[in-house]
Amino acid sequence: MIELRLGRMSPHETERLLAYDREHVWHPYAPMPAAYPAELVVSASGVRLTLADGSELIDGMASWWSAVHGYNHPKLNAAVTTQLGKMSHVMFGGLTHPTAIGLAERLVDLTPAPLTKVFFADSGSVAVEVAIKMALQYWRSQGRSGRHRLLTVRGGYHGDTFGDMAVCDPVNGMHHLFADVMPQHVFAPPPPLGYVAEADETYLDELRALAAAHADELAAIIVEPIVQGAGGMRFYAPEYLQALRDLADEHGLLLILDEIATGFGRTGELWGCDHAEVTPDIMCVGKAMTGGYMTMAATLCTDRVAEGISRGEAGVLMHGPTYMANPLAAAVASASIDLLLSRDWRDEVDTIEAVLTAGLEGARDLPGVADVRVLGAIGVVEAREPVDVPAVQKIAMDHGVWVRPFGKLIYTMPPYICTEDEVGHITDAIYAAAESL
Ligand SMILES: *Cc1c(COP(=O)(O)O)cnc(C)c1O
């Protein structure tokens, strides 16, 4: 049994748990047994994680984009416990509940106006599956089942299930492992790097040519707006997103925007698509939606998409997770959205952006660094070579900071509640790691 004294665990117990973890518990993108041991977190509060030995780390990752309000937040805790006293779960087939309806209202109000219908999914990956299914079913319903492929750009990340993997970057997403069992979609080159970069006409021509060549077999375009997250932490100019919307309109395609990482203010606008004043036909939200408390995501669509699907031969959207619209997750998501809107999130994100820029820009001149980029509350140092993950983590932890590099990327997306001082700790840690490359 695990015994927890306040914030501290005996070295013996720590070792036993970590040994068991390494031998038996699979971690993300890890071999089994693990290549190296994980860190043992026993509690978290505010922006800090407490490890078994009692030491604290500022969480530079916000638990992968999600814990925007920090941990153990009294309002979010209260939302969960209040809901727990009423009903922790109930099936969503034939039943509904005020908590789900309240969250749907918030999402419809907060997302771009044409999005009026909400499907609750149990993770981001499932939300993207549902978005793809919506697009395919839409065209099937119109008697156009030949429209069954998706157009996307390289460098994307949309989740780990098979439908999602097929639209992830073919190299990062390791398509070669599954090429024989994955649908084959249409890939444009990655959007040229740089939020403020002037639109590259050659690139736009490539996009136009690709869309035109495949128009009859395409159901939709799917991309992450402005920021490509786990596919490479790349920022691109709003003009390219506008161009994709124009192409979708020109060829009658649906535009699916995956806002799972970018949503809820992370990029400095509430939605990534707000940078381009573009609205999608289908949109996925997740990660920060529950403030990092529980797994829940949602797929929103327009009246046109919903009516198209519902008038078709199947007449229904063919999806329905067991834990759909889980009341605990929906309650904390509503509380998280209310909390976000009650604070000046835009000012918080702008401040983080300024501190990240000031703290990371100097790393550009380091010999091991290829690029430094910051947008909103996202800071990225791209190394010239793939980084030694445990070595970088050790340096960051010596600076009291948790980061999780991948490939050539050392990056941070701090909780919005980080003070300037705490963000400064994060940039010091990343700078020190970059210096060691
Ligand atoms: C994380 C992520 C997903 C997948 O979400 P999960 O909740 O991990 O399944 C999909 N799309 C984007 C853009 C993401 O960042």
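Here are the numbers:
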| quantity | calculated |
| --- | --- |
| Lone qualifier among Gly320, Gly362, Gly376, Gly368 - being within 19 Å of the chain's Cα centre (by Cα) and touching a residue at least 40 places away in the same chain (Cβ under 8 Å) | Gly376 |
| All positions within the stretch 141-169 that are away from the ligand (no atom under 16 Å from the Cβ) and either farther than 21 Å from Ala127 by Cα or outside any strand (DSSP E or B) (or both) | Ser141, Gln142, Gly143, Arg144, Ser145, Gly146, Arg147, His148 |
| Residue in the stretch 243-256 that is away from the ligand (no atom under 16 Å from the Cβ), aliphatic (A, V, I, L, M) and within 30 Å of Val387 (Cα to Cα) present | no |
| Flag for Ala329 being closer than 20 Å to His69 by Cβ and within 16 Å of the ligand (Cβ to nearest atom) | yes |
| Verdict on Gly312 being touching a Ser or Thr at 6+ places or on another chain (Cβ under 9 Å) and over 24 Å from Lys86 (Cβ atoms) | yes |
| Residue pairs meeting the criteria (Cβ under 9 Å; at least 6 apart or on separate chains; first modelled with pLDDT under 95, in the stretch 278-306; second not basic (Lys, Arg)) | none |
| Single match in Thr290, Thr295 (criterion: of a type in the set (Ser, Thr, Tyr) and farther than 19 Å from Glu348 by Cβ) | Thr295 |
| Among the candidates Pro183, Pro170, Pro190, residue that is more than 30 Å from Ala370 (Cα to Cα) and either in contact with a Lys or Arg (Cβ under 8 Å, 6 or more places away or on another chain) or surrounded by 14 or more Cβ atoms within 10 Å (Cβ to Cβ) (or both) | Pro183 |
| Among the residues listed as Val128, Val171, Val153, Val167, the single one being under 29 Å from Pro28 (Cα atoms), hydrophobic (A, V, I, L, M, F, W, C) and touching an Asp or Glu at 6+ places or on another chain (Cβ under 7 Å) | Val128 |
| Some residue of the stretch 213-224 being in contact (Cβ under 8 Å) with a residue 40 or more places away in the chain, buried (at least 20 other Cβ atoms within 10 Å of the Cβ) and more than 24 Å from Ser145 (Cβ to Cβ) | yes |
| Residues that are within 25 Å of Glu277 (Cα to Cα) and either free of Cβ contacts under 8 Å to residues at least 24 places away in the same chain or within 12 Å of the ligand (Cβ to nearest atom) (or both), drawn from the stretch 112-128 | Gly124, Ala127, Val128 |
| All positions within the stretch 408-423 that are of a type outside the set (Lys, Arg), more than 18 Å from His73 (Cβ to Cβ) and out of contact with any Gly (no Cβ under 6 Å at 6 or more places or on another chain) | Leu409, Ile410, Tyr411, Glu420, Asp421, Val423 |
| Residue list for the stretch 410-431, restricted to those being within 24 Å of Pro367 (Cβ to Cβ) and either among the hydroxyl-bearing types (Ser, Thr, Tyr) or under 20 Å from the mean Cα position of the chain (by Cα) (or both) | Ile410, Tyr411, Thr412, Thr427, Tyr431 |
| Unmet requirement for Met61, which otherwise passes all of (1) more than 22 Å from the chain's Cα centre (by Cα); (2) within 16 Å of the ligand (Cβ to nearest atom) | (1) |
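The values are calculated or read from the model by the stated rules, or taken from the named source; none is laboratory data. This one's a predicted model, so the numbers in the text were calculated from it and none came from an experiment. Every residue, glycine as well, gets a Cβ built from its backbone with ideal geometry; the counts of neighbours run over all protein chains shown.
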